[in-house]
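I have placed the structure first, in the form of structure tokens, so that the comments after it can refer back to it.
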There are 2 protein chains.
Amino acid sequence: MKIEGLESSVDLLLSHFVSLISLDQAEKDIVVASFHPRLFRKKQYLLQEGDICTHLYFVVRGCLRMYKIDDKGLVHILQFAAENSWISDLGSFYAESPSELTIDTLEDSVVLQISRTDLINLYTSAPKFHRIFRVLVENSFVSLQKRLLQTISSTAEDRYQYFVSTYPNLTNRLPQTQIASYLGITPEFLSRLRNRQTKKS
Amino acid sequence: MKIEGLESSVDLLLSHFVSLISLDQAEKDIVVASFHPRLFRKKQYLLQEGDICTHLYFVVRGCLRMYKIDDKGLVHILQFAAENSWISDLGSFYAESPSELTIDTLEDSVVLQISRTDLINLYTSAPKFHRIFRVLVENSFVSLQKRLLQTISSTAEDRYQYFVSTYPNLTNRLPQTQIASYLGITPEFLSRLRNRQTKKS
DNA sequence: CGCGACGTTGATTTGCCTCAACGATTGTGG
DNA sequence: CCACAATCGTTGAGGCAAATCAACGTCGCG
């Protein structure tokens with residue numbers, strides 16, 4: 001399996017950046033040189049518990065997840081990342097400390113990855129990226145805060161509703177077991193929730 | 001009531017920045033010119049639901065909280081901010097959109113505040129602050145992610161333990177009602193948890 | 001074909017909430 | 001400075017949301 005349309009992969013990333021702040025040709029060239037495309041098969045690991053997270057990943061095609069396995073062996077999904085999203089364990093990445101998290105693919109996926117040293121070089125040679133990543137992280141922070149608020153203040157039913165309306169594409173694309181784990185409930189209970197819904201409407 | 005040691009207030013902020021990246025005198029001067037000290041009495045509002053969040057706040061002395069009031073009138077605390085912490089509704093602040101959140105003080109407090117336009121000027125005249133705030137937000141993001149993980153994967157008892165070990169100073173400083181609201185449980189249940197603990201030890 | 005992942009349903013249990021009542025403390029206006 | 005209200009922490013009884021455990025049918029895939 002080849003990585004089809006490699007150049008257009010990078011184009012996707014470039015327009016992602018440009019939607020925030022314009023880039024000149026030199027800056028675009030550095031991006032092309034710094035990010036490397038990679039193909040991952042379904043269920044493949046990008047990061048395993050105990051390892052140091054060595055890259056930031058920008059998803060071009062497919063879908064990944066990041067999760068923690070608790071003491072009882074249960075999976076708790078922190079984040080999904082489909083097309084045009086970022087995924088990484090920032091804590092482990094910057095501190096170069098072992099991660100408690102796992103990242104793997106839910107589908108065959110194409111990502112653009114950048115290593116820590118390449119990112120630092122990118123910051124040095126094009127300081128504009130401090131600003132770009134500041135804005136990106138700020139946006140992620142706001143979304144995460146919204147999710148936390150939901151989690152501590154709403155019932156499972158409301159949270160599922162919010163998920164469906166916020167990620168309509170993911171709702172049908174992902175198995176319910178995965179969505180249940182993201183919502184912090186059991187698959188059985190999610191099944192009952194969906195059952196209630198259809199009866200209502 | 002005067003704001004004692006005003007200069008040392010700004011010193012606290014400057015050393016907060018310098019602990020991340022060194023600043024030259026010109027940059028320090030801009031900080032001093034951009035941030036303004038303010039005193040808030042206990043229970044005073046800094047942001048009310050429906051208003052646009054106009055400032056970032058750095059806490060010099062005292063303690064604030066940010067929370068949402070749900071449909072039933074219940075309070076859900078997203079964040080405490082004591083000395084050396086930041087607090088603001090970033091979403092409302094950047095988008096200039098009405099906030100769903102409230103910020104107020106739990107004690108008489110001194111903060112250094114910066115307005116949106118002053119912050120934009122700060123970024124323009126000293127681009128280094130893109131980097132500084134990128135790092136600050138990244139750190140906040142990592143903490144928030146940890147808290148979310150806790151919330152979806154642990155029992156109330158574990159979350160309380162984590163709170164006590166992460167914020168030992170706040171544990172005795174704040175009323176249990178506030179901590180309960182932060183943990184997403186009722187004050188009655190927190191009381192029972194503490195009761196269990198003391199019996200165990 | 002056979003196995004594993006998935007979704008569903010039922011019976012039971014449990015973690016946490018609700019409502020209510022009670023002392024102790026704080027603070028505040030007269 | 002006292003009186004009274006408000007806030008706080010605690011405890012008890014009962015209820016509900018969601019978990020647990022178990023069984024079963026379906027589908028996709030090696």
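Would you check which residues across the range A:43-68 are in a strand (DSSP E or B) and either within 13 Å of residue A:104 (Cα to Cα) or free of Cβ contacts under 8 Å to residues at least 24 places away in the same chain (or both) and list them? Quick ask: steps written out before the conclusion?
Filtering the range A:43-68 for residues in a strand (DSSP E or B) gives A:45-47, A:52, A:55-61, A:64-68.
Those that are in a strand (DSSP E or B) and either within 13 Å of residue A:104 (Cα to Cα) or free of Cβ contacts under 8 Å to residues at least 24 places away in the same chain (or both): A:45, A:46, A:47, A:57, A:59, A:64, A:65, A:66, A:67, A:68.
Anything in the range A:159-201 that is within 11 Å of DNA strand C (Cβ to nearest atom), within 14 Å of chain B (Cβ to nearest Cβ) and under 18 Å from the mean Cα position of the chain (by Cα)? List them, or say none.
A:178, A:179, A:180, A:181, listed by residue number.
Looking at the range B:133-158, which of its residues are within 7 Å of another protein chain (Cβ to nearest Cβ), touching a residue at least 24 places away in the same chain (Cβ under 8 Å) and within 16 Å of DNA strand C (Cβ to nearest atom)?
The answer is B:151, and nothing else.
Can you name every residue in the range B:14-42 that is assigned to a loop (DSSP other than H, G, I, E, B), within 22 Å of residue B:118 (Cβ to Cβ) and within 17 Å of the chain's Cα centre (by Cα)?
B:35
Scan the range B:109-155 residue by residue and report those that are under 15 Å from residue A:70 (Cβ atoms) and among the small types (Gly, Ala, Ser).
Those that are under 15 Å from residue A:70 (Cβ atoms) and among the small types (Gly, Ala, Ser): B:153, B:154.
Find the residue count for the range A:138-171, including only residues that are away from DNA strand D (no atom under 14 Å from the Cβ) and in a helix (DSSP H, G or I). Even if it seems obvious, please write down each step before you answer.
Restricting attention to the range A:138-171, the residues satisfying the condition of being away from DNA strand D (no atom under 14 Å from the Cβ) are A:138-149, A:164-171.
Right, trim to in a helix (DSSP H, G or I) and you get A:138-149, A:164-166, A:168-171.
Qualifying residue count for the region: 19.
Restricting attention to the range A:177-186, which residues are part of a helix (DSSP H, G or I) and either among the β-branched types (Val, Ile, Thr) or surrounded by fewer than 14 Cβ atoms within 10 Å (Cβ to Cβ) (or both)?
Taking the range A:177-186 first, the residues part of a helix (DSSP H, G or I) are A:177-183.
A:177, A:179 - these are the residues of the range A:177-186 that are part of a helix (DSSP H, G or I) and either among the β-branched types (Val, Ile, Thr) or surrounded by fewer than 14 Cβ atoms within 10 Å (Cβ to Cβ) (or both).
In the range A:111-133, is there at least one residue being within 12 Å of DNA strand D (Cβ to nearest atom), in a loop (DSSP other than H, G, I, E, B), in contact with an Asp or Glu (Cβ under 9 Å, 6 or more places away or on another chain) and of a type in the set (Gly, Ala, Ser)?
Filtering the range A:111-133 down to residues within 12 Å of DNA strand D (Cβ to nearest atom) leaves none.
No, because not a single residue in the range A:111-133 is within 12 Å of DNA strand D (Cβ to nearest atom), in a loop (DSSP other than H, G, I, E, B), in contact with an Asp or Glu (Cβ under 9 Å, 6 or more places away or on another chain) and of a type in the set (Gly, Ala, Ser).
For the structure I just gave you, tell me whether residue A:126 is among the small types (Gly, Ala, Ser), under 24 Å from residue B:149 (Cβ atoms) and at pLDDT 95 or above. Spell out how you get there, then give the answer.
On the way: among the small types (Gly, Ala, Ser): yes; under 24 Å from residue B:149 (Cβ atoms): no; at pLDDT 95 or above: yes.
Considered against the rule, which asks whether it is among the small types (Gly, Ala, Ser), under 24 Å from residue B:149 (Cβ atoms) and at pLDDT 95 or above, residue A:126 comes out as no.
Give me a count of the residues in the range A:93-109 that are more than 9 Å from chain B (Cβ to nearest Cβ) and in a loop (DSSP other than H, G, I, E, B).
Summing the residues that are more than 9 Å from chain B (Cβ to nearest Cβ) and in a loop (DSSP other than H, G, I, E, B) in the range A:93-109 gives 6.
Can residue A:21 be described as in contact (Cβ under 8 Å) with a residue 60 or more places away in the chain and on the phi < 0 side of the Ramachandran plot?
Criteria met by residue A:21.
So which residues in the range A:86-113 are surrounded by fewer than 19 Cβ atoms within 10 Å (Cβ to Cβ) and closer than 21 Å to residue A:176 by Cβ, if there are any at all?
Selection gives A:104, A:107, A:108.
Out of the residues in the range B:61-85 that are polar (S, T, N, Q) and more than 16 Å from residue B:179 (Cα to Cα), which is nearest to the other protein chains (Cβ to nearest Cβ)? Walk me through how you get there before you give the answer.
Step one: filter the range B:61-85 for residues polar (S, T, N, Q), giving B:79, B:84-85.
Going one step further and asking which of them are more than 16 Å from residue B:179 (Cα to Cα), we end up with B:84-85.
Values: B:84: 19, B:85: 15 Å.
Among those residues, the one meeting the criterion is B:85.
Of the numbered conditions (1) at pLDDT 95 or above; (2) closer than 24 Å to residue B:150 by Cβ; (3) within 10 Å of DNA strand D (Cβ to nearest atom), residue A:174 fails exactly one; give the number of that condition.
Answer for residue A:174: the failing condition is (3).
The values are calculated or read from the model by the stated rules, or taken from the named source; none is laboratory data. Values in this document were obtained by computation on a predicted structure and should not be read as measured data. Heads up, the Cβs are rebuilt from the backbone with ideal geometry, glycines too, and the neighbour counts pull from every protein chain shown.
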